[in-house]
Every structure is written in structure tokens, then in C-alpha cells.
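**Q** Questions regarding the structure given below will be posed in turn.
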Amino acid sequence: MLSLRRLPRLQPGSLSRANATVAPAASADAPAAASPPPPKPEAANAAPETPSASPEKASARGRRRWPTHRPSITIERPREWRRPVAPGVIPAYDEALRLLQWDSHAVQTEANELRERLDKENVAEDEATALREKLDVLDVMSKVNLPDVRWKAANGMADMNQTVYRHLVEQRWREEGSLSLLMERIHQMKVIPDVVPDLHPSLDLRLNFPEPPPEDPFKRSRIKRKYLPVEPGVYLLNEQTRRPPRIYTTVFHTEPRLYTLLMIDADVPDVENGSFTTFLHWLHPNITLSANTPFPLPAPNTYTPYIPPHPARGTPYHRYVLLLLPHASPNAVISPGPIERQGFDVRKFVEEHNLQLGTFKEGGGGGAHMWRAVWDEESSRIWRDVLKQPEPKFGFEPKHNPYAEFKGRKKYI
């Protein structure tokens with residue numbers, strides 16, 4: 001940082017006109033007049049000091065070390081919204097903020113009056129339902145345009161107990177590409193209709209798996225790998241999916257409801273029928289979710305233990321689908337019977353336990369995610385160590401060679 005230094009002030013009588021070549025003769029009787037000492041230079045106008053985060057890191061010259069990057073915004077380290085310009089710099093901006101505050105106060109007053117009416121008066125059930133819907137709309141309209149509310153919703157600091165934050169987070173999920181990418185991959189890779197006939201997600205389901213291992217074998221056991229978010233439809237190594245994923249959900253209802261988690265492999269070879277069937281990797285019924293559910297989703301006791309993906313050698317890529325489906329009744333507990341993993345029928349299981357795939361009128365049917373994987377050496381280790389079964393090998397049958405019997409004979413006698 002540059003700082004300006006002020007030159008020392010000179011006394012009024014310090015400068016005097018004199019002959020530059022001939023010095024004036026001083027009398028022997030009069031003592032020589034002592035010239036006044038030069039004034040001490042004033043302190044430099046340094047920049048205003050601010051308390052540094054770590055004073056012990058100051059360099060030997062006394063300069064402070066300023067951070068080179070801005071820390072990330074998290075729930076543990078939140079950052080409040082700050083207006084981009086100071087008051088009075090742009091009068092139109094100040095007037096716009098005042099207008100937003102006035103409109104918010106007016107709508108909030110109307111919402112409070114409607115809330116008092118619902119609490120005090122005896123309103124019919126149909127009319128009360130319509131008034132509650134209007135009250136939700138007013139609660140959203142009263143705060144949706146405030147800059148600090150939009151700042152918190154965009155930076156992961158939303159209070160999901162408030163209607164306005166649930167509205168903004170759901171609007172961002174539905175309109176800014178996350179839901180569109182998921183539905184594009186599900187339809188493009190034929191998850192619909194191969195696994196389920198139809199699906200309309202009503203919650204945001206996200207998965208985190210460990211990052212790929214480093215290429216250097218020396219670093220594989222010495223570097224702790226981070227868990228990274230997975231985009232729907234990407235290829236993952238079988239080493240990354242050896243352990244269950246970290247599941248994150250964003251639910252847009254405050255009352256607790258029950259869900260069932262399913263993980264399906266949709267591309268297991270069916271040798272007898274010459275086709276493909278499904279395999280159940282994971283089943284966890286009766287999961288309670290709401291807008292206040294902590295994440296990642298805890299899964300201490302599952303109905304069926306997690307079996308890592310293990311594509312067989314010689315097969316094309318496998319589609320692994322994770323479904324989080326709501327129960328028909330918010331508090332209806334299901335009790336699955338004996339489960340056969342090989343050839344698991346997802347549609348039959350959904351119909352028997354009345355799980356909701358959802359329509360637009362019903363408001364959606366849970367969440368979904370998917371990824372793909374192919375055979376690698378880790379898959380062979382899973383067959384040997386986890387499944388404890390001989391690994392099958394698939395491929396095309398060799399074509400009949402009519403000249404095979406002649407290749408062993410001598411060409412010339």
C-alpha cells in the first residue's frame with residue numbers, strides 16, 4: 001500500500017537572501033548568531049490501522065499481511081448483505097430501497113390483519129383453506145424483494161422455516177437448471193421407463209462421493225480425499241462408490257413426512273432370458289424428512305446393507321439409480337418382507353407399498369439421482385471380497401472358423 005509523506009515545514013525566517021559567492025564578513029566582537037535547528041519532520045500520513053487477524057505474521061519491516069482471497073460464505077461463517085454504494089451517492093438507489101421497505105411494510109400489515117382474522121373468527125373450512133393460501137402468498141410477497149432476503153437465499157443461509165425462503169430456494173432449483181439437467185439425463189438414458197414408468201420430483205436430492213484417487217500410488221494412502229458433489233449421469237470409478245454416498249436433500253415442507261430410499265442397478269445381465277434385469281443395492285424405508293432435517297442424511301440402520309456397484313466384466317455401462325419416494329400417508333410406516341436383490345421389481349414394490357411417483361396435480365414424487373459405471377479392477381475385488389462369489393465374464397461368442405483344422409497342418413509335404 002502506498003502512503004504519502006508530508007515534507008517538513010520550513011520556518012519563515014529560515015530562508016534569507018545572500019550572495020552565493022562572497023560570504024558576509026562577521027565582526028570579531030559580535031558572536032556568531034546560531035542558526036535555529038531544523039524542525040523535526042512530522043510523522044508520515046500512514047493509512048488508518050486495522051486490527052489484523054494474525055499480528056505475529058507481520059514481516060520484519062512491520063508491514064501487515066493482508067488476506068489474498070475472501071473466505072467462503074457458510075452457515076458457520078455467514079456474511080450479511082451490504083449495500084454496494086454508500087447512502088447519498090446514487091439518490092435513485094436510495095429511493096428504490098425506501099420504496100421496497102415501504103411496500104414490504106404495507107404487505108406485512110395486510111398479512112397480519114388476515115392472520116388475526118383466522119385466529120379470532122370462526123371461518124368455514126373451505127374459506128379458511130383459501131385464506132391460508134392467500135396468507136402464504138402475502139408472506140412471500142412481503143419479503144421476496146428485500147435485498148438481504150435474496151442474499152441469504154442465494155448464499156445458503158436461508159431459514160427454511162419461513163415461507164419466503166422456501167419459495168426462493170425451490171424457485172432457484174426448478175428454474176436455474178438443476179431440475180432440468182436431472183430430468184434430461186433420466187429421460188435421455190431411459191431410466192424412465194426402464195426403472196419407473198414416470199417421475200415428477202418434488203425435492204432436491206444431491207449425492208457426494210469421494211474424489212477420484214490420485215494417479216501416483218504413493219499418494220493414494222497418504223492423501224485424504226474430499227467428498228465432491230456428483231452431477232447426474234456422469235461416470236464414476238467403482239473405487240469412489242465403495243462406500244455409501246453422502247445424501248443431501250432440500251425438502252420444501254415443514255411437517256415431517258416418511259420416505260423410502262432405493263438404489264437400483266438397471267443393467268444386470270439376465271443370461272437365461274438373454275436380456276437385462278435389475279439388482280437392489282440398497283433399501284432404507286421410513287426415513288423422516290422435513291425442511292429442518294439435518295444433512296447429510298443419516299442412515300445408521302438400513303433394511304438391506306449397502307452393496308457397492310460391481311459391473312461384471314464384458315458388460316456395457318451400468319446405470320445406478322437412487323430414488324427417494326414419499327409414502328402415500330405422511331405417517332404410514334411400511335414393513336417390507338423378504339427381499340430378493342437379483343431381479344428386484346421396482347414397479348411391483350412401489351405398487352405394493354403405495355409409494356408416490358407423483359404427478360403435477362399431486363405435487364410431485366420425491367427425488368431421484370443417477371450415475372454410470374463400467375468394469376475395472378476394483379469391481380473384481382468387490383466380487384471377491386464383498387460378494388464372495390466367482391466373477392462372471394460376458395462377451396460375444398467366438399465365430400466359427402471353417403479353416404481352423406487346416407491351420408495346424410503343414411502347407412508343403
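**Q** Suppose we keep only residues that are in a loop (DSSP other than H, G, I, E, B) and among the β-branched types (Val, Ile, Thr) within segment 368-413. Which one would you say is least open to solvent (accessible area, probe 1.4 Å)?
**A** 374
**Q** Scanning for something out of contact with any Asp or Glu (no Cβ under 8 Å at 6 or more places or on another chain), buried (at least 21 other Cβ atoms within 10 Å of the Cβ), modelled with pLDDT under 95 and part of a loop (DSSP other than H, G, I, E, B), does segment 242-250 turn up at least one residue?
**A** Yes: one or more hits.
**Q** Here is a follow-up. Residue 198 fails exactly one of the following numbered conditions: (1) open to solvent by less than 70 Å² (accessible area, probe 1.4 Å); (2) closer than 24 Å to residue 295 by Cα; (3) in contact with a helix residue (DSSP H, G or I) (Cβ under 8 Å, 6 or more places away or on another chain). What is the number of that condition?
**A** (2)
**Q** Which residues, counting only those in segment 159-189, are under 28 Å from residue 344 (Cβ atoms) and either in contact (Cβ under 8 Å) with a residue 40 or more places away in the chain or open to solvent by less than 70 Å² (accessible area, probe 1.4 Å) (or both)?
**A** 179, 181, 182, 183, 185, 186, 188, 189, listed by residue number.
**Q** If you check residue 413 against the conditions, is it of a type in the set (Val, Ile, Thr) and at pLDDT below 90?
**A** Yes: the conditions hold for residue 413.
**Q** In addition: May I ask you to say which residue of 86, 106, 96 is more than 24 Å from residue 252 (Cα to Cα) and either loosely packed, with under 10 Cβ neighbours inside 10 Å or hydroxyl-bearing (Ser, Thr, Tyr) (or both)?
**A** Step by step, each of 86, 106, 96 is checked, and only 86 is more than 24 Å from residue 252 (Cα to Cα) and either loosely packed, with under 10 Cβ neighbours inside 10 Å or hydroxyl-bearing (Ser, Thr, Tyr) (or both).
**Q** Next question, about the same structure. For segment 287-322, which residues satisfy the criterion of being in a strand (DSSP E or B), under 24 Å from residue 240 (Cα atoms) and either out of contact with any helix residue (DSSP H, G or I) (no Cβ under 8 Å at 6 or more places or on another chain) or of a type in the set (Gly, Ala, Ser) (or both)?
**A** Listed by number, the residues that qualify are 304, 318, 320, 322.
The values are calculated or read from the model by the stated rules, or taken from the named source; none is laboratory data. Owing to the predicted nature of the structure, the values given are computational and were not obtained by experimental measurement. Here the Cβ is made from the backbone with ideal geometry for all residues, glycine too, and neighbour counts use every protein chain on show. Side chains are part of the model used for accessible areas, which takes the heavy atoms of the whole protein and leaves out ligands, DNA and RNA. Shrake-Rupley method; radii C 1.70, N 1.55, O 1.52, S 1.80 Å.
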